[in-house]
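These notes concern the structure reproduced below.
The values are calculated or read from the model by the stated rules, or taken from the named source; none is laboratory data. The model shown is predicted, which means the values in this text are computed figures rather than measured ones. With ideal geometry, Cβ positions are generated from the backbone for all residues, glycine too; neighbour counts draw on all protein chains shown. For accessibility, only protein heavy atoms count, side chains too; no ligands or nucleic acids. Shrake-Rupley method; radii C 1.70, N 1.55, O 1.52, S 1.80 Å.
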Amino acid sequence: MMQEILSKTTWIEWLGVAFAVVQVLLAQKNNIHNYLFGIAGILLAMYVKFHAKLYAEFSLDFYYLIMSIYGWVFWKFGKQQTETPITFTTKTEKYKATGIIVAAFLIFYTFLTHFTDSDVPVWDSLVTAFAWAGMWLMAKRKIENWILLNISNFMAVPLLIHKELYLYAALTAFLFVVAIFGYVNWYKILKQQKNG
């Protein structure tokens, strides 16, 4: 079984996953360079997911690419020309995040059911919708990003297994665990910012 899984895993998947692991470890440590590794991993993941007919996930990776560039600039400069601090999500931002989830789900579900040969339109759309909102919050350096990203991760693992993308499923399970530590680390930093 393991040998069969490894034989189906391409070098592009291995490299993409390696970049993604470095990215998430740097992100949970609040290191701005996470975005550079993220961009490289995203480009490789886009290639893999398009060929696996995970079209919403492919578009999610495209969104990740845009938000990674935006996030890198925002983290680096923000509005004050200094690094933007970690903060809690405001009430307005919570409404916006909910709106992103609902809108993204409806758009992707409609697109996948009418214009693609996807066999998992609901599942793919849900994973993508939560991740879109989570990535938006991460780019704005909001601590709740980890919660939404983990909802997406939790749903994505069985989806990726269903598509026989076992390495990406393992990566996503790893990301789930790292996101828990990411939330804890960011919470400590947030408290230090308030006390400092």
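Given R0 = 25 Å, the distance between the Cβ atoms of Gln192 and Ala18 translates into a calculated FRET efficiency of 0.20. When the alpha carbon gyration tensor of the chain is reduced to an equivalent ellipsoid, its three semi-axes come out at 28, 20, 14 angstrom, largest first. Of Ser125, Ser152, Ser59, the residue with the greatest mean-square motion in the GNM of the chain, using alpha carbon springs below 10 Å, is Ser59. Legend: residue pairs Lys53/Lys94; Lys94/Lys163; Lys76/Lys140; Lys142/Lys188; Lys96/Lys188, Cα-Cα distance threshold 23 Å; pairs beyond threshold, Lys53/Lys94; Lys94/Lys163; Lys96/Lys188. Taking a point 7 Å out from the Cα of Ala170 in the direction of its Cβ, the residues of region 1-31 whose backbone N falls within less than 19 Å of it are 1-25. With all protein chains kept in place, the per residue accessible area of region 53-196 amounts to 50 square angstrom at a probe of 1.4 angstrom.
So, R0 is 25 Å and r is the distance between the beta-carbons of Phe154 and Phe62; what FRET efficiency does that work out to, to 0.05? Calculated value: 0.65.
Per-residue extension of 0.36 nm, minus the Cα-Cα distance of Phe115 and Lys76, leaves a gain of 10.2 nm for this segment.
The calculated FRET efficiency for the pair Lys8 and Lys91, based on their C-beta separation and a Förster distance of 41 Å, comes to about 0.35.
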